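The values are calculated or read from the model by the stated rules, or taken from the named source; none is laboratory data. In this text, all values refer to a predicted model and were calculated from it rather than measured experimentally. Neighbour counts run over all protein chains shown; Cβ positions are idealised from the backbone, glycine included. These area figures cover heavy atoms from the full protein model, side chains too; ligands, DNA and RNA do not enter into them. Shrake-Rupley method; radii C 1.70, N 1.55, O 1.52, S 1.80 Å.
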Amino acid sequence: TYHPIMGVYLSHMRNRKSNGTRFPDENFAREIMQLFSIGLYQVQLDGRLKTTTDGELIPTYDNETIKELARVFTGLTYKPSNQSNFFWSGNDFLYPMEMYQPEHDTDPKTIFGSVIDVDNGDEDIAAALDLLFAHDNVAPFVSYRLIQRLVKSNPSRGYIRRVARKFNDNGEGVKGDMKAVVK
């Protein structure tokens, strides 16, 4: 989230809050959900797609979620080289992006039914990332991709389930312990 190369690539670098005619860029908000955390559709712990009673796939998020999450990722900029022009100075890719509070949207945001209502941009981002991490899809989504890249391209449902369970609880109540997941 804070790496400047990712900020440029997924266009949340210098993403500004809405002023009524300009709206936050939604690219990073969409990609962090679709590619990096929960995927497009709800899945079972073993990676099987969940469906409605009519057999329709169940999306993990909608356009309103993207809009709300895009508001979270406003105000980030390069580490400034000139404090008098904080938001627009600097272009150093060696340092994490920093929050420029005047360009961060501080209004409450509703993501997955939870309201984030903090005035600090970094706390806003931390709260949103925590909501993403708490999503039921994270464990099977990440586990499936890890197995595919580290072990085999077509893992069984049981294999995905076992790794996802370890992701959710390393045996000591810790979620996301990557050492335990990889082992």
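What trypsin sites (Lys or Arg not before Pro) in region 103-158 are in a loop by DSSP, with at most 15 other Cβ atoms within 10 Å of the Cβ?
For trypsin sites (Lys or Arg not before Pro) across region 103-158 that sit outside H, G, I, E and B with at most 15 neighbouring Cβ atoms in 10 Å, the list reads K152.
If we count every other residue with Cβ under 9 angstrom of R157's Cβ, Lys/Arg +1 and Asp/Glu -1, where does the sum land?
Overall, the nearby charge balance is +1.
Over region 51-183, with the other protein chains present, what is the accessible area per residue in square angstrom, probe 1.4 angstrom?
I get 57 Å² per residue for region 51-183.
Please report the net charge: other residues with Cβ closer than 12 Å to the Cβ of G90, K and R +1, D and E -1.
Value of the local net charge: 0.
Excluding ligands and nucleic acids, what accessible area in Å² is computed for R161 using a 1.4 Å probe, to the nearest 10?
Ignoring ligands and nucleic acids, R161 comes out at about 80 Å².
Jot down the per residue volume, in cubic angstrom and as a whole number, of the convex hull over the alpha-carbon atoms of region 82-167.
141 Å³
Can you give me the % of accessible surface on region 104-147 that is carbon or sulfur? Probe 1.4 Å, all protein chains present, nothing else counted.
50 percent
Given the whole protein assembly as supplied and a 1.4 Å probe, what does the accessible area of R30 come to in Å², nearest 10?
Number for this one is 70 Å².
Could you give P(r) for region 106-146, binned at 5 Å from zero, as whole percent values over all Cα-Cα pairs?
Reading the bins upward from 0: 5, 23, 26, 18, 12, 10, 5, 1.
As a test question: what accessible area, to the nearest 10 Å², does S89 have when a 1.4 Å probe is rolled over all protein chains in place?
10 Å²
Within 12 Å, Cβ to Cβ, of N63, how many net charges do the neighbouring residues add up to if Lys/Arg are +1 and Asp/Glu are -1?
-2
So what is log10(I(q)/I(0)) for region 119-182 at q = 0.14, 0.28, 0.29 1/Å, when the Debye sum runs over its Cα atoms only?
For region 119-182 at q = 0.14, 0.28, 0.29 Å⁻¹, log10 I(q)/I(0) is -0.45, -1.14, -1.18.
How far is helix 63-72 tilted off the main Cα axis of the chain, in degrees rounded to 10, range 0 to 90?
Compared with the principal axis, the helix lies near 50 degrees.
Enumerate the amide H contacts of L76 below 5 Å, restricted to partners 5 or more residues apart or on another chain; note that Pro and chain-start residues carry no placed amide H.
The answer is R14, N15, Y100.
Go through region 9-23 residue by residue and turn each phi into a ³J(HN,Hα) via Karplus (6.51, -1.76, 1.60, θ = phi - 60°); whole Hz please, and just put x for glycine and proline.
Per residue, the Karplus-derived 3J(HN,Hα) values read 4, 9, 6, 9, 5, 6, 6, 9, 5, 5, 10, x, 10, 10, 10 Hz.
Carbon and sulfur atoms: what percent of the 1.4 Å accessible area of region 1-96 do they account for?
Ligands and nucleic acids excluded, carbon and sulfur reach 52 percent.
At q = 0.19, 0.28 Å⁻¹, what base-10 log of I(q)/I(0) does the Debye formula yield for region 1-67 when every alpha carbon is treated as an equal point scatterer in vacuo?
Treating every Cα as an identical point scatterer, log10 I(q)/I(0) equals -0.81, -1.21.
Given the rule -39500 (n - 2.57) for each run of at least 4 DSSP H residues, summed and divided by the residues of the chain, what is its mean residue ellipticity at 222 nm, to the nearest 500 deg cm²/dmol?
Helices in the chain give a 222 nm mean residue ellipticity of -11000 deg cm²/dmol.
Report the per residue volume, in Å³, of the convex hull enclosing the C-alpha atoms of the chain.
Per-residue hull volume (Cα only) is 147 Å³.
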